[in-house]
Every structure is written in structure tokens, then in C-alpha cells.
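The structure under discussion appears below in the form of C-alpha cells.
Read the figures in this text as sums done on the coordinates, not as results from a lab. Quick caveat, the model's predicted, so the values are computed rather than measured. Cβ sites come from the backbone with ideal geometry, for glycine too, and all protein chains shown count toward neighbours.
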Amino acid sequence: MRKAIFDTDTASDDAIALMLALDYFEVLGVTIVAGNVKFENEVSNALFTLEYLNKPDIPVYLGAQRPLLGQWRTVEEVHGKNGFGDWEYPSPLKKPENEFAADAIIRLSKEYEGELEILAVSPLTNIALAYLKDSRIINRIRKIWIMGGAFTRGNTTEIAEFNFWVDPEAAQIVLNAGFDITIVPWEIAEESATITDEEWNKIEDINTKRSEFFLKVNRVLREYSKSVGSRGSVHPDSLTVTIAYDNSVAIEKVSKYVNVELCSRSRGAMLIDWYGLNKRRPNAEVVIKADSQKFKKYLFDSLSKA
Ligand code: BDR
Ligand code: CA
């Protein structure tokens with residue numbers, strides 16, 4: 001089985017993406033980073049998810065509790081106050097590890113040199129810190145799958161997607177470091193990984209522990225997404241993990257030089273050099289079309305498991 005670290009600001013869709021990652025990869029650790037909701041809620045959500053899915057032995061590492069520079073805001077209106085749709089789940093018994101997330105990334109990259117992949121469905125602060133401490137990780141990490149960036153339809157500012165907006169400096173560091181990277185941008189998820197009302201009804205009918213989990217943690221996400229004009233709840237992190245597992249879910253990709261804007265009103269915007277204007281070598285593969293049916297088949301299959 002492929003080996004991966006799941007780097008997350010665990011709220012609604014992150015938890016479903018973690019469920020998929022546990023199906024498809026040997027998850028060596030879950031690393032938590034500041035993003036969606038209060039850090040302590042993200043930690044608790046990750047610990048609870050692992051317990052709920054009967055994987056209590058997978059270690060959880062605490063990472064950056066704020067971005068490298070600048071201010072960010074948490075988005076409880078998107079995911080609910082605790083990030084899990086306000087579901088008052090029982091307190092997890094499981095505890096996080098003492099090792100800092102960036103150190104765990106560096107250590108695991110040595111233990112699994114050339115094999116380790118990172119499923120990065122959150123701001124990139126932990127990975128940037130790991131790289132700043134030990135830049136040779138670029139040669140040891142096989143691949144980073146990044147959920148981040150928007151072409152034009154920002155979900156946080158007019159132009160910026162949340163993960164890149166929270167820590168654009170970290171995103172810029174990671175993109176320019178020399179890793180092998182695939183990016184799944186926001187719009188691709190909205191097009192291909194939106195769960196409509198009809199699909200929500202089907203998930204209600206599945207009636208497993210997993211489907212119940214999906215419905216509970218994504219309750220506020222669904223309401224919020226519809227309130228801003230999406231056709232249902234949008235699942236970018238789950239799509240990213242599915243593409244990491246089965247690359248054929250990404251129907252079209254382009255290899256380009258990608259950077260992130262750091263300034264003013266456009267802070268966090270993804271900058272794709274479509275025409276090679278900067279004469280820079282491509283540093284990322286960007287998914288521009290995904291197979292919605294295939295993604296949903298994977299999701300429904302996983303939710304149907306006992
Ligand atoms: C991203 O931001 C978070 O709210 C989601 O979990 C996803 O990783 C979407 O912009
Ligand atoms: Ca996320």
C-alpha cells in the first residue's frame with residue numbers, strides 16, 4: 001500500500017477525505033495545521049475521526065497554530081462552530097503525539113525515503129516549515145497532492161481560495177521548493193465534487209456508520225455552500241485524495257509554473273503562467289477537469305462500507 005501523511009485543518013470535508021485516505025493509503029500520520037476552525041477543535045475532530053473509523057493507532061501530530069505571516073480568519077460559518085456541523089460528538093480518548101508535525105514530516109520522509117506522499121488538504125504551513133528546516137526533504141518525498149488555489153472564482157476573496165489565502169507565503173515556499181506537485185483547484189471541486197440534494201437523499205438511504213458521519217459533519221457545510229450559490233456541499237479535499245489514489249479521476253491536467261500572490265487585495269491568488277511568460281520550468285501539474293461520476297462512485301462505495 002502507498003504510504004502517506006494526511007496534512008489537515010480538520011473540519012467537515014477534511015474528515016471525509018481522511019476516511020477515503022484510510023481506505024486507499026497506509027496513513028503514517030495526521031498532521032494538524034491552522035485553518036478552518038480553532039486549532040483545538042481541528043485536533044479533536046481528527047482524533048475523533050480516527051477513533052470513529054476504528055483507526056485509533058494512527059498518530060496525530062500538532063503543527064503550526066498560525067500561518068507564517070499575516071492574519072487569517074477561521075470560517076465557522078462554513079463548517080459549524082466546531083468544524084463538524086455543530087455535532088456534539090463524544091470527547092475522543094485518543095491523545096496527540098508530542099513530536100511537532102514538521103519534525104514528524106522530516107522523520108517520516110527519512111524512514112520512507114522515496115515512498116512518502118503528502119495529502120495536503122489545508123494551508124501549507126507545516127510543509128513549508130519542514131522544508132525550511134530540512135530542504136533535502138524535496139528529494140525524499142515522492143509527491144505532494146495539494147488542494148488549493150482558484151482560477152478566478154475565489155471562495156474566500158474574489159480571487160483567492162481558502163488554503164492559499166490563509167498562508168500564501170507557505171504556499172509560495174512549497175511551490176518553489178522543487179517538490180513533485182499536483183494541484184486540485186477550487187473550481188474543479190465545485191464542478192465535480194458537489195453533493196446535490198438528490199445525492200444527499202441517497203446518502204441518507206445508505207444508512208451505515210460512515211454515511212451517518214458524512215451527514216453529521218457536513219450539515220453546516222451543505223447549508224453554507226447552498227447559501228452562496230453552490231448546488232450542494234462541495235468536497236475539494238475528498239476529490240484531491242481520490243485523484244491521488246486514482247489519477248484517472250483527473251481527466252485533464254496541465255503542467256505550468258504556478259506561484260501565489262502575496263500582496264494587497266489579491267493576496268492568496270493562484271498565479272498560473274499559462275503562456276510561459278516567465279520562462280520558468282513548470283513546477284506543478286494543475287488539474288483542469290475531473291470525472292465527477294468516478295469520484296462519486298468512490299465516495300459512495302466508501303460510505304457504504306460497514
Ligand atoms: C478548502 O478550505 C477548507 O475550508 C476546505 O477544507 C478545503 O481544504 C477549500 O477552499
Ligand atoms: Ca481542508
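In table form, for the structure just shown:
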quantity	calculated
Under-5 Å amide H pairs with residue 183, H placed in peptide plane, nonlocal only	146, 285, 286, 287
Per-residue Cβ neighbour rank within 10 angstrom, fewest leading, 270, 19	19, 270
Label-point separation, residue 246 to residue 278 (7 Å along Cα→Cβ), nm	3.4 nm
The range 22-34 - phi-based ³J(HN,Hα) in whole Hz, Karplus 6.51/-1.76/1.60, Gly and Pro as x	5, 6, 9, 10, 7, 7, 7, x, 10, 10, 9, 9, 4
Rough spin-label spacing in nm, given labels placed 7 Å along Cα→Cβ, for residue 66 and residue 197	4.3 nm
Stretch gain in nm, segment residue 132-residue 153, where the contour uses 0.36 nm per residue and the Cα spacing is subtracted	4.5 nm
Links that overshoot a 22 Å alpha carbon limit, given the list 94/133; 3/253; 256/296; 110/256; 110/279; 216/305	94/133; 3/253; 256/296; 110/256; 110/279
Vicinal HN-Hα couplings computed from phi for the range 140-150 (Karplus, 6.51 cos²θ - 1.76 cosθ + 1.60; Hz; Gly/Pro x)	9, 8, 6, 6, 10, 9, 10, 8, x, x, 10
Centroid-to-centroid separation of the range 44-117 and the range 163-193 [C-alpha atoms, Å]	19 Å
20 Å-binned pair-distance histogram of the chain (Cα, whole percent)	37, 60, 3
Within the chain, longest stretch free of exposed trypsin sites (Lys or Arg not before Pro) [DSSP loop, at most 15 other beta carbons within 10 Å]	154-230
